[in-house]
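Below is one structure, written out as structure tokens; the observations come after it.
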Amino acid sequence: MFFLIFKRILLGLITLFIVSLITFVGTEILPGDACTTYLEREAYGAALEACYKRLGLDIPAYERYLSWAYNVIQGDFGYSLSGQMPINEVLGPRIKNSMVLASAAIIIGIPMALILGIITALWRDKLPDIIISTLAIFSMTIPEFISATLLILIVAIWLEWLPGIVIVPTDVTFFELLPNIILPVIAIAMIMTAHMARMVRSSVIQVMASDYVQMAILKGVPYWKMVFKHVLPNALLPAINVVALTIAWLLGGVVVTEVVFNYPGLGRLVIESISNRDLPVVQALAIILASIYVSINLIADVMTLMLNPRLKTLQIRK
Amino acid sequence: MENRKENPKNILSKVLEVLSTMASKPSGLIGLSILFFHITLAITSPWFVPYDYKAIDPTLMLQAPSSEYWFGTDSLGRDVFTRTLLGGRIALTVTFFGSLIALLWGGLLGIFCGLVGGKIDDIVMRIVDAFLSIPWILAMLLIVSLLGTSIEVLIPALGFFYGKGIVRVARAATHDVIAKDFIASAKARGHSNMSIIWNEILPNVRDAILVEGAMRWSWMLLGFSSLSFLGFGVSPPTPDWGLMISNARGLMSFAWWSVISPIVGLSSLIIGINLTADAFAKALGIDRSTKAPV
């Protein structure tokens, strides 16, 4: 088992290495560079050369990649171009704010998805299933920016219950942030819940149809005991991986949602840095978001391995 | 494998059969009708829209819905009804051709990787994994700010980016098929590699790839309209739902009509494509509900 986990970690690191190459090359071939953007119309002659020298753009690209990668491994992303401050200082509060948003959505979303998924599976094709499944299709297919806009229109503008747009500085305390995050959290949790509930549903249905559950029914095991002891443990295991992939996929949706609500998180930084051609920040964001994706998947893989007794013995066969 | 050569008549009857299976369930029927409605609308709308979509008139700013302007007017005095009717054309065109490109390169590369295996397969799959782990929004924004936002850029960019998921599916399906006995017997009969790919493998992985492509279509539409919404998609004054929503959003506290109509348009199209793709998967006997949306 440890061999498998080790292999997964190694694969994750290779993936991150390729991501860093892709983003470095990608940002490198963007038309215009930091200096032409920064100096605008004065970008010629001595000023341009001085700027190149100052930002170290006069050395070959592969050398810059190596020194950049070396610094990133030590946790130093360099300097942001527009703000002229260390990227770590730019990122810190943004990461914290996005983490608050994402974890609130996950804390609400996962239990909701479990409950709804189990209900729809046990009452398959009955009224509760039809209602919940239909709602789920709506909430998972409608784009984040539409559900977020509708939430603002209904809850913030028509009912005037909550603030529609987050107007807070980047570094606020958690309690100042709280009333502002309710609507964004609902917007993200809705989509996440719908996706996961659907997976839990089909996973439970699959297990319910399996031989050992049929056997348990024939043996006369009480219904709810059978559900909790035989069905759920086996049904939820394969769901872990899929849930992880869904969370990772939602990173993109979080970006859009943050823009709609003007939320000071990583997502808005993505848009700002790309509009400003702030390439060092774009590179840093790509690495961070990809690391989040890779580690969520890694955690899911490890959890599946730990919880699956069949895979534990694999090391003997290897 | 029985019918070695599929003639056009066979394909047509197969298509009709799949369509009728899809329409036999209410959700599939609804999905197909919505999709059909949107496609018809997109093709025919330029001939019957009541006003010019880019005619700006400051005296008509933010008019409420009336008998003259059914869905009201927007902040530049343009007719919202006209712009909503036209708003699906670009989205449908871009995502349809984008999905075709995604299907082609994703399917071919996936089948190739599944066939050759070994080192090449490993390297390609690593690169595909790396692309998968960059959030779609960041990658699309990078591509678009690199190459611009014209349709000629958006279609291949979306096609490329959404094809990487198809690579995985096509590769997995090929892996499943390649271990089967009929491949070994075709090899023993002395068929050429091309003949084995064309006659034995392709018919067996086709369904999985097509279903994946249909799902990609709805996600691509989501991605495309998110880009438009963020201001990185098609440029104004082109009527596009994502763009219309983003323009009208700031004024929705007193002009809700200009944001509701594009919302209804885009949501119904995405739901229609999704229901259709789901029904398509079910009609071909593929269970998609346990898959993650990557």
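The values are calculated or read from the model by the stated rules, or taken from the named source; none is laboratory data. Note that the structure is predicted; figures quoted are calculated from it, not measured. Don't worry about glycine lacking a Cβ; one is built from the backbone with ideal geometry, like all the others, and counts go over all protein chains shown. Each accessible area value is taken on the protein alone, full model and side chains, heavy atoms only, with ligands, DNA and RNA left out. Shrake-Rupley method; radii C 1.70, N 1.55, O 1.52, S 1.80 Å.
Where does the protein assembly as shown land at 222 nm, in deg cm²/dmol rounded to the nearest 500, when only DSSP H runs of n ≥ 4 count, each adding -39500 (n - 2.57), divided by all residues?
Working: 27 runs with 444 residues, N = 612.
-24000 deg cm²/dmol, from helical runs alone.
Taking a ≥ b ≥ c as the square roots of the eigenvalues of the Cα gyration tensor of segment A:183-318, is the shape rounded (a/c under 1.5), prolate (a/b larger than b/c) or oblate?
Values: a/c = 4.93, a/b = 2.00, b/c = 2.47.
Oblate shape, in that a/c is at least 1.5 and b/c is the bigger or equal ratio.
Label points 7 Å out from Cα along the Cβ direction at A:Lys7 and A:Asn276: separation in nm?
For the pair A:Lys7/A:Asn276, the computed spacing is 4.5 nm.
For segment A:88-275, what class follows from the C-alpha gyration tensor (a ≥ b ≥ c being the square roots of its eigenvalues): rounded when a/c is under 1.5, otherwise prolate if a/b is larger than b/c, else oblate?
Working: a/c = 2.84, a/b = 2.16, b/c = 1.32.
Prolate, because a/c is 1.5 or more and a/b exceeds b/c.
At 0.36 nm per residue, minus the direct Cα-Cα distance, what do B:Ile11 and B:Ser235 gain on full extension? Give it in nm, one decimal, please. Walk me through the intermediate numbers first.
Working: separation 224, 0.36 × 224 = 80.64 nm, distance 4.01 nm.
Length gained, B:Ile11 through B:Ser235: 76.6 nm.
Given R₀ = 25 Å, FRET efficiency for A:Tyr212-A:Leu127 by Cβ-Cβ distance, to 0.05?
On the way: r = 29 Å, r/R0 = 1.16.
With R0 = 25 Å, the Cβ-Cβ based efficiency is 0.30.
Note the full-extension length gain between A:Leu162 and A:Tyr70 as 0.36 nm times their separation in residues minus their Cα-Cα distance, in nm to one decimal.
Details: separation 92, 0.36 × 92 = 33.12 nm, distance 4.56 nm.
Once the chain is fully extended between A:Leu162 and A:Tyr70, it gains 28.6 nm.
If R0 is 51 Å, what FRET efficiency do you get for B:Ile286 and B:Tyr51 from their C-beta distance, rounded to 0.05? Write down the numbers at each step before the final one.
Numbers: r = 45 Å, r/R0 = 0.88.
So, using R0 = 51 Å, E works out to roughly 0.70.
Can you give the FRET efficiency for B:His191 and A:Ile154, using 1/(1 + (r/R0)^6), R0 = 56 Å, r = Cβ-Cβ distance, to the nearest 0.05? Please list the in-between numbers first.
Details: r = 62 Å, r/R0 = 1.11.
Efficiency, rounded to the nearest 0.05: 0.35.
List the accessible area buried at the contact between A and B, summed over both sides and calculated with a 1.4 Å probe, in Å² to the nearest 100. Walk me through the numbers on the way to the answer.
Working: alone 18270 and 15510 Å², together 29360 Å².
Between A and B, the summed buried area is about 4400 Å².
How shielded is B:146-158 by partner chains, expressed as the average number of their Cβ atoms within 10 Å of its Cβ atoms? Numbers along the way, then the final one.
Working: counts 5, 3, 1, 0, 0, 0, 0, 0, 0, 0, 0, 0, 0.
Average neighbour count from other chains, rounded to a whole number: 1.
One-quarter of the Cα convex hull surface for the protein assembly as shown, in nm²? Kindly include the intermediate steps, with their values, before the conclusion.
Values: hull surface 135.6 nm².
With the hull built on Cα positions only, its mean projection is 33.9 nm².
I need the trypsin sites (Lys or Arg not before Pro) found in segment B:108-194, filtered to DSSP loop residues with at most 16 other beta carbons within 10 Å of theirs. Mind showing how you got there, number by number?
On the way: sites: B:Lys119, B:Arg126, B:Lys164, B:Arg168, B:Arg171, B:Lys180, B:Lys187, B:Arg189; in loops: B:Lys180, B:Arg189.
Here the sparse-neighbourhood loop sites are B:Lys180, B:Arg189.
If packing is taken as the mean number of other Cβ atoms within 10 Å per residue, what is the order of B:75-82, B:202-209, highest first? It would help to have the intermediate numbers written out before the result.
On the way: B:75-82: 20.6, B:202-209: 18.2.
Highest-to-lowest ranking by the protection proxy: B:75-82, B:202-209.
Determine the shape class of segment B:23-290: with a ≥ b ≥ c the square roots of the Cα gyration tensor eigenvalues, call it rounded for a/c under 1.5, and otherwise prolate if a/b is greater than b/c, oblate otherwise.
Values: a/c = 3.15, a/b = 2.12, b/c = 1.49.
Prolate, because a/c is 1.5 or more and a/b exceeds b/c.
What list of ³J(HN,Hα) couplings, whole Hz, do you get for segment A:148-155 from phi and the Karplus terms 6.51, -1.76, 1.60, once you set θ to phi - 60° and write x for glycine and proline?
Here the 3J(HN,Hα) series is 5, 4, 5, 4, 4, 4, 7, 7 Hz.
Give the residue from B:Trp257, B:Ile134, B:Ser268 lying farthest towards the positive end of the charge dipole for chain B; charges sit on Cβ (+1 for Lys and Arg, -1 for Asp and Glu) and the dipole is referred to the Cα centre.
Farthest along the dipole direction, towards plus: B:Ile134.
For A:Tyr79, which sequence-distant residues (separation of 5 or more, or a different chain) have an amide H within less than 5 Å of its own amide H, given hydrogens modelled in the peptide plane?
Placed amide hydrogens put A:Ile87 under 5 Å from A:Tyr79.
Given all pairs of different Cα atoms, what value in angstroms does the Kirkwood hydrodynamic radius of segment B:208-285 take? Numbers along the way, then the final one.
Values: mean 1/r = 0.0736 Å⁻¹.
One decimal place: 13.6 Å for the Kirkwood radius.
Tell me, in nm to one decimal, what length is gained between B:Ile43 and B:Phe182 on full extension, where the rule is 0.36 nm per residue of separation less the Cα-Cα distance? Intermediate results must be reported in sequence, preceding the final value.
Numbers: separation 139, 0.36 × 139 = 50.04 nm, distance 4.50 nm.
Using 0.36 nm per residue and subtracting the Cα-Cα distance, I get 45.5 nm.
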